[in-house]
Amino acid sequence: MTAALRTQVGIVGAGPSGLLLSHLLHLEGIESVVLEDRTRSYVEERIRAGVIEHGAAALLEDAGVGARLRREGLRHTGVNLHFHGVNHRIDLVDLTDGKAVTVYGQHEVVKDLIAARLAAGGDVRFDVKGVAIHDFKGTAPELHFVEQGQPKKLVCDFVAGCDGFHGISRPTVPAGELRFFDRQYPFGWLGILAKAPPACDELIYARHADGFALLSMRSPEISRLYLQCEPDDDIANWSDARIWAELKRRLGGLATEGPMLQKGITAMRSFVTEPMQSGRLFLAGDAAHIVPPTGAKGMNLAIGDVRLLARALEAQIKRGDGTKLDTYSTTALRRIWKAQRFSWWMTSLLHKFGDETPFDERRQFADLEYLVSSRAALASLAENYVGLPYDD
Ligand code: RFL
Ligand code: PHB
């Protein structure tokens with residue numbers, strides 16, 4: 001093993017949470033090193049989330065990484081619910097006293113953050129292998145990894161596990177120390193990216209008798225569309241023609257065909273880890289929790305977590321005040337559980353579960369009818385969709 005490297009905060013994972021944490025710490029004059037096991041181009045091209053909450057967009061702008069988001073992001077002042085063949089527009093701005101969401105791809109946020117870190121001389125290491133976290137119960141946790149075939153050791157004051165749902169941080173914590181809350185759904189989402197102008201300039205969430213569909217976009221030329229499918233469905237079962245036919249049927253014809261740039265199937269799950277800490281290892285983003293994508297909350301929650309964690313680390317490292325770090329998990333989980341509730345609710349409202357009784361089916365459509373007829377109910381949806389306020 002070569003000589004030990006040193007940093008204040010060792011960060012595992014260069015997704016939105018790891019990169020933003022590194023950037024926010026840098027703004028406070030705190031050093032970090034980010035270790036990512038994929039290549040830079042892989043993380044910059046990985047198509048995932050698209051909807052950015054009001055507060056998350058403001059945070060990115062305040063942190064100086066929002067210029068392209070402001071220029072190229074699409075500000076959406078409303079979203080649509082489509083059922084029984086009718087479209088209902090929900091005016092987010094009107095229902096939330098002026099708030100909206102921004103449609104801007106997660107991979108664009110990632111590109112902006114990587115560019116900002118590298119421009120500031122930040123240490124982000126891609127394509128490192130075998131990251132392992134050691135001694136996080138003590139005061140000098142270590143990250144061991146292999147870079148270009150060389151074993152390396154990074155000694156840190158704190159470690160942030162930002163390595164997503166399948167990362168190594170959460171499983172590193174001894175069994176029994178953490179409690180997991182898990183729910184799996186009996187369906188998945190088949191998602192496509194198509195070179196075709198979106199058939200509507202705002203998102204459409206559709207509940208069709210045959211299941212859910214969603215029209216979203218990445219730009220005025222690129223559509224992003226999703227379809228409810230079987231959880232273990234094979235993409236090979238879905239020809240382009242079958243996907244377009246199903247999308248058009250469920251979206252009342254509102255899907256413009258074009259060459260498919262990407263297609264894939266995602267499982268749907270709700271998952272929470274409590275607490276989000278063990279010793280000097282702190283979990284953030286998908287490493288700690290995941291939501292089904294129906295509420296568009298995953299990346300937004302990751303942003304909320306690292307906002308809190310950066311403030312808590314700053315108080316500890318610069319002022320010796322550990323109060324916020326001690327309450328990081330409790331504070332973060334309050335907002336996370338509200339987003340879990342909302343994501344579960346949106347998912348339950350809009351999908352066909354397959355085991356519904358005729359009563360359940362009628363009740364689900366009555367939920368939708370009530371929602372679009374009640375300003376109070378719509379206001380609740382809208383305030384959650386644009387994002388609940390940060391806790392402190
Ligand atoms: P990420 O993005 O998974 O990043 C984790 C990073 O860690 C790396 N990694 C490792 N690095 C080193 N060593 C290891 N052992 C490692 N193991 C993993 C990974 O390569 C990766 O780079 O987690 P992060 O940063 O917490 O960000 C979370 C978001 O990615 C996620 O919540 C969202 O994508 C969820 N999501 C959505 N969120 C929204 O806010 N709005 C949306 O509209 C939205 N739509 C979606 C979504 C997720 C989807 N999929 C594919 C799951 C739509 C879909 C279809
Ligand atoms: C997306 O554009 O990828 C997207 C939008 C809204 C969601 C989920 C995904 O709820």
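Each value in this text was obtained by applying a stated rule to the coordinates, not by laboratory testing. This is a predicted model, so every value here is computed, not measured. In this analysis, Cβ positions are derived from the backbone assuming ideal geometry, glycine residues included, and neighbour counts consider all displayed protein chains.
The Cα atoms of the stretch 1-75 give a gyration tensor whose axes a ≥ b ≥ c have a/c of 1.5 or more with a/b no greater than b/c, which makes the shape oblate.
Setting aside same-chain residues fewer than 8 positions from Lys324, which lysines have a Cα under 16 Å from its Cα? Partners within reach: none. Test of the criteria: in the stretch 2-44, which trypsin sites (Lys or Arg not before Pro) are in a DSSP loop and have at most 16 other Cβ atoms within 10 angstrom of their Cβ? Here the trypsin sites (Lys or Arg not before Pro) that fit, given the DSSP loop and packing criteria, are Arg38.
Taking the Cα atoms only, what angle lies between the long axis of helix 328-350 and the longest principal axis of the chain, rounded to 10 degrees? The angle comes out near 20 degrees.
Shape analysis of the stretch 74-197 places it in the prolate category; the axes a ≥ b ≥ c from the Cα gyration tensor give an a/c of at least 1.5, with a/b above b/c.
The label point for Ala119 and the one for Ala267, both projected 7 Å from the Cα toward the Cβ, are 3.9 nm apart. A full extension of the chain between Phe181 and Thr39 corresponds to an added length of 47.9 nm, given 0.36 nm per residue minus the alpha carbon distance. Beta bridges per DSSP, both residues in the chain: antiparallel share near 75 percent. Taking each of Lys248/Lys297; Lys111/Lys248; Lys152/Lys297; Lys111/Lys338; Lys152/Lys263 in turn, the alpha-carbon distance tops 31 angstrom for Lys111/Lys248; Lys152/Lys297; Lys152/Lys263. Of the Cα atoms belonging to the chain, the radius of gyration and Dmax stand at 21.3, 67 Å.
Using 0.36 nm per residue and subtracting the Cα-Cα separation, the extra length available between Phe365 and Thr330 on full extension is 9.0 nm. Each Lys and Arg contributes +1 and each Asp and Glu -1, all at the Cβ; summed about the Cα centre of the stretch 1-47, the dipole is approximately 80 debye.
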